[in-house]
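A.B. asks: So that we are looking at the same thing, I have put the structure below in structure tokens.
The values are calculated or read from the model by the stated rules, or taken from the named source; none is laboratory data. Keep in mind that what you see is a predicted model, and the values were worked out from it rather than measured. Backbone-built Cβ (ideal geometry, glycine too); neighbour counts: all protein chains shown.
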Amino acid sequence: MPSPKANILVAFYSRDGSVEALAKAVSEGAHEAGAEVRLRRVPDLVSTDVMAKVPGWEERSKRMLAEYGAPTHADVEWADGIVFGTPTRFGNTSAELKAFIDSLGGLWFQGKLNGKAAAAFTSTAGPHGGNETTVVSLFIPMAHLGFIIVPNGYTHEKIVQGHGTPYGSSSTSGQHSAKPTADELVVAKHQGARVTQVAAALRAAR
């Protein structure tokens, strides 16, 4: 069996399933591009008492953690490229994903993150809810950690048509947590392949 072109970690937080759907599409695109992929969901930060106040939250959280597991520092060290996914929180990264990124200080201090490819994707409730600002907000810690940032650019016709951003894949879920559209999933899949290509080139250059 040939070795993978690159190792790709997709680390995401999702509460209602919109970001989860994007994460699965990103993973699929990376896999089809020749990557070995680890798909992980960061855990919730609140107690089950808080989750119980929102119908279905605790059940979905348990299902996703059982299905994907939580990302570890070993996953990050293993990866040649990392794609982070988060819902928007007031135009910014969710606290759950931010907590995981903030925990990477030890790897950063050892220089183990330098030169890894990185990208991001998100989902918001409304069309002006912060899709672009959320992805761009993740570029800041990526730069500090030494990642090579891989934006989508306008590298696919669906992005040109407005089904994602040049910064990273995105979806608009509305008030009823609608899943991403077929076009939005196409862009997410393309993003997974694009990050794989860059990560593979960086890996080959080491």
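A.B. asks: Taking the stretch 68-103 as the region of interest, how many residues are loosely packed, with under 15 Cβ neighbours inside 10 Å and of a type in the set (Lys, Arg)?
C.D. replies: 0
A.B. asks: Moving on. Does the stretch 170-191 contain at least one residue that is assigned to a loop (DSSP other than H, G, I, E, B), touching a Gly at 6+ places or on another chain (Cβ under 9 Å), over 22 Å from Pro4 (Cα atoms) and at pLDDT 95 or above?
C.D. replies: no
A.B. asks: Checking Gln197 against (1) in contact with a Pro (Cβ under 9 Å, 6 or more places away or on another chain); (2) surrounded by fewer than 21 Cβ atoms within 10 Å (Cβ to Cβ); (3) within 20 Å of Val10 (Cβ to Cβ); (4) not small (Gly, Ala, Ser), which single condition isn't satisfied?
C.D. replies: Status for Gln197: all satisfied but (1).
A.B. asks: So, in the stretch 39-67, how many residues would count as being exposed (fewer than 14 other Cβ atoms within 10 Å of the Cβ) and among the acidic types (Asp, Glu)?
C.D. replies: The total comes to 3.
A.B. asks: If you take the residues in the stretch 89-104 that are at pLDDT 95 or above and not in a helix (DSSP H, G or I), which one is nearest to Val136 (Cα to Cα)?
C.D. replies: Thr93
A.B. asks: Any chance the stretch 134-142 includes a residue that's in contact with a helix residue (DSSP H, G or I) (Cβ under 7 Å, 6 or more places away or on another chain), hydrophobic (A, V, I, L, M, F, W, C) and modelled with pLDDT of 95 or more?
C.D. replies: Checked against the condition, which is being in contact with a helix residue (DSSP H, G or I) (Cβ under 7 Å, 6 or more places away or on another chain), hydrophobic (A, V, I, L, M, F, W, C) and modelled with pLDDT of 95 or more, the stretch 134-142 yields no hits at all.
A.B. asks: Exactly one condition in (1) of a type outside the set (S, T, N, Q); (2) under 18 Å from the mean Cα position of the chain (by Cα); (3) part of a loop (DSSP other than H, G, I, E, B) is false for Met142; which is it?
C.D. replies: Looking at each condition in turn, Met142 falls short on (3).
A.B. asks: Ok, one more. Checking Leu107 against (1) outside any loop (DSSP other than H, G, I, E, B); (2) more than 15 Å from the chain's Cα centre (by Cα); (3) surrounded by fewer than 16 Cβ atoms within 10 Å (Cβ to Cβ), which test does it fail?
C.D. replies: Condition not satisfied by Leu107: (3).
A.B. asks: When the residues of the stretch 121-139 are filtered to those that are crowded, with 17+ Cβ neighbours inside 10 Å and either part of a loop (DSSP other than H, G, I, E, B) or among the acidic types (Asp, Glu) (or both), which remaining residue is nearest to the chain's Cα centre (by Cα)?
C.D. replies: Within the stretch 121-139, the match that is nearest to the chain's Cα centre (by Cα) is Glu132.
A.B. asks: Still on this structure, please answer the following. Does Ser18 satisfy the criteria of being more than 21 Å from Pro180 (Cα to Cα) and of a type outside the set (Val, Ile, Thr)?
C.D. replies: no
A.B. asks: When you scan the stretch 77-88, do you find a residue that is free of Cβ contacts under 8 Å to residues at least 60 places away in the same chain, outside any strand (DSSP E or B), within 25 Å of Pro4 (Cα to Cα) and not small (Gly, Ala, Ser), even just one?
C.D. replies: yes
A.B. asks: A further question on this structure: What single numbered condition from (1) part of a helix (DSSP H, G or I); (2) surrounded by 15 or more Cβ atoms within 10 Å (Cβ to Cβ) fails to hold for Ala118?
C.D. replies: (1)
A.B. asks: Could you grab me the full set of residues in the stretch 48-72 that are assigned to a helix (DSSP H, G or I), over 16 Å from the mean Cα position of the chain (by Cα) and over 22 Å from Ser169 (Cβ atoms)?
C.D. replies: Once the filter is applied, which keeps residues that are assigned to a helix (DSSP H, G or I), over 16 Å from the mean Cα position of the chain (by Cα) and over 22 Å from Ser169 (Cβ atoms), the stretch 48-72 yields Thr48, Asp49, Val50, Met51, Trp57, Glu58, Glu59, Ser61, Lys62, Arg63, Ala66.
A.B. asks: In the stretch 1-35, which residues are farther than 15 Å from Thr196 by Cβ and not in a helix (DSSP H, G or I)?
C.D. replies: Met1, Ala11, Phe12, Tyr13, Ser14, Arg15, Asp16, Gly17
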